[in-house]
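Here is the structure we will look at.
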Amino acid sequence: MESPFREGLFEGKVVFVAGGTSGINLGIARRFADLGAKVAVLGRDPDKAKAAADSIGGLALTADVRDYGATRTAMERVRNEFGPMDVVVSGAAGNFLAPALGMSANAFKAVIDIDLLGTFNVFRGCHDLLATPASLIAITAGQAVNAIGLQAHACAAKAGINQLVRVLALEWGPDVRVNGISPGPIAGTEGMERLAP
Ligand code: HXC
Ligand code: NAP
């Protein structure tokens, strides 16, 4: 069967990937760039962001997705330099293995804030910077529906993301489509290193 991803499919499109400076999200960003999109990637570490952006010919942005103002400023830069965003991917995440009794409230909060609040910040903050139509994609995980020991924070955060996606799809569709993608375990990523070292 012919691939639906024909050459130049995303020519002229603007794609922003929060957490796109490594791993799965960088893979997504690279594929959009390969298919012709103008792509911006965002992470906390400026050197890592620059290396990632350079590797795909994209724009490097630095912000912590837990900080609404900084995230919004970064996305305004994408709109100003590239134009309204056609695709926004929210994939920044934090994770570590720990039993609930081995997590401080701040440890639980750290993962909730990066994954769930971060996704709210990215999606809420991008809405008036979008093209029409636009597609928002949250990166979720099997932990959203399968309870896994040592993963109370990630399970709660990803479950929250799934419901956030559903509500925003109801409120913002059909011009702004909101979906989640749940990858399986991907070898060679930070996530798998942390969960199955
Ligand atoms: C218990 C821990 C801990 C651990 C950190 N904490 N690691 N508690 N066990 N192993 C606690 C700290 O003591 C602190 O609590 C609180 O968590 C916040 O830690 P900080 O280091 O101050 O936070 P921060 O610098 O914001 O870093 C967030 C982080 C970090 C999540 C802890 O690991 C990070 O930045 N991760 C990003 C990269 C990542 O995790 N990638 C994997 C995503 S993949 P106290 O009380 O001491 O203040 C993924 C997998 C999906 O999601 C599924 C695969 C199948
Ligand atoms: P990764 O390489 O650790 O990527 C995480 C990205 O998010 C990096 O770009 C990181 O850059 C950025 N980031 C982390 N915290 C941030 C913050 N507070 N603000 C802004 N950016 C931040 O992870 P991965 O393993 O490829 O996973 C990517 C996504 O897929 C995650 O949503 C994860 O939950 C999901 N997933 C992964 C797997 C897997 O097998 N790995 C399976 C299912 C789902 P900085 O550190 O520089 O900020």
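No value in this document is a laboratory result; all are computed from the given coordinates. What you see is a predicted model; the values in this text were computed from it and never measured.
A few comments on the model shown:
- Overall Cα dimensions of the chain - principal axes, largest extent first, Å: 49, 39, 36
- Calculated from the alpha-carbon coordinates, region 72-154 shows an Rg and a Dmax of 15.6, 47 Å respectively.
- Taking the longest Cα principal axis of the chain as reference, the axis of helix 23-34 is set at about 10 degrees.
- Percentage of interatomic Cα-Cα distances in region 1-93 larger than 16 Å: 49
- Helix-derived mean residue ellipticity, 222 nm - over the chain, DSSP H n ≥ 4, -39500 (n - 2.57), to 500: -13000 deg cm²/dmol
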